[in-house]
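The structure appears below as structure tokens.
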Amino acid sequence: MIEIPKIFNVKFPRFSIMEQKGKFKLYSSEEVLDMHFGKIGTPRRDDFERSVAASVHANEMAARNPYIPKNVSHPGTTLDEKLKEMGMSVKEFSIRISKPEETVIAVINGKSPITPDMAVAFESVTEIPADFWMNRQSNYDECMSHSKGEV
């Protein structure tokens, strides 16, 4: 047994330091699993191993097959909500971003996409990052492509 100064449950890649009866001992990962779930081949250990394998599989599947919602609102909906929250009219907003009022109305109504330069302008007034607006537009475009069967 190796005595280690008062460090509690320090983790190393394949080892754990655990306190046992006031003393610390270095255990391998296998020893820790044996203590908590039993030796390999026992029902409790097999259940644990299966649950870990299922979690790893689920995470791998989620990475390969991300959830694609059936309906995503146009980012203009979010802009409309934000303007209402800010108490700002479409006219004032369009003046502040130096875009025609008709363009802003088209975005709010979902008739026009948000372009990168618009996203930057929106950020300057709404304080919502430009990448948020671009991600919303990209998600909307992808959803529309899926609904049309383009992807």
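Remark on F24: its backbone amide H falls under 5 Å from those of I4, a criterion applied only to residues 5 or more positions apart or on other chains, H modelled at 1.01 Å from N. Listed peptides 45-51, 89-95 appear in the order 89-95, 45-51 once ranked by packing, highest mean of other Cβ atoms within 10 Å at the front. Here the Karplus relation 6.51 cos²θ - 1.76 cosθ + 1.60, evaluated at θ = phi - 60°, turns the backbone of region 51-60 into coupling constants of 5, 5, 4, 5, 5, 4, 4, 4, 5, 5 Hz, with x for every Gly and Pro. Taking the Cα centre of region 85-151 as origin and assigning +1 to Lys and Arg Cβ atoms and -1 to Asp and Glu Cβ atoms, the resulting dipole is close to 180 debye.
With the simple spin-label model, which puts each label point 7 Å out from Cα in the Cβ direction, the D131 to N109 separation comes to 3.3 nm. Among the listed pairs K91/K111; K99/K148; K70/K99; K84/K111, those with a Cα-Cα distance over 22 Å are K99/K148; K70/K99.
Kirkwood analysis of region 34-151, using all unique Cα-Cα pairs, places the hydrodynamic radius at 17.5 Å.
If R₀ is 22 angstrom, what is the calculated FRET efficiency for the pair E85 and S124, using the beta carbon separation as r and rounding to 0.05? Before the final figure, lay out the partial values.
On the way: r = 17 Å, r/R0 = 0.76.
The calculated FRET efficiency here is 0.85.
The protection proxy used here, the mean number of other Cβ atoms lying within 10 Å of each residue, ranks peptides 111-121, 138-148 as follows, highest first: 111-121, 138-148.
None of the figures in this text is laboratory data; all of them are computed from the coordinates on show. Since the structure is predicted, the reported quantities are computational estimates derived from the model, not experimental observations. Virtual Cβ from ideal backbone geometry, glycine too; neighbours counted across all protein chains shown.
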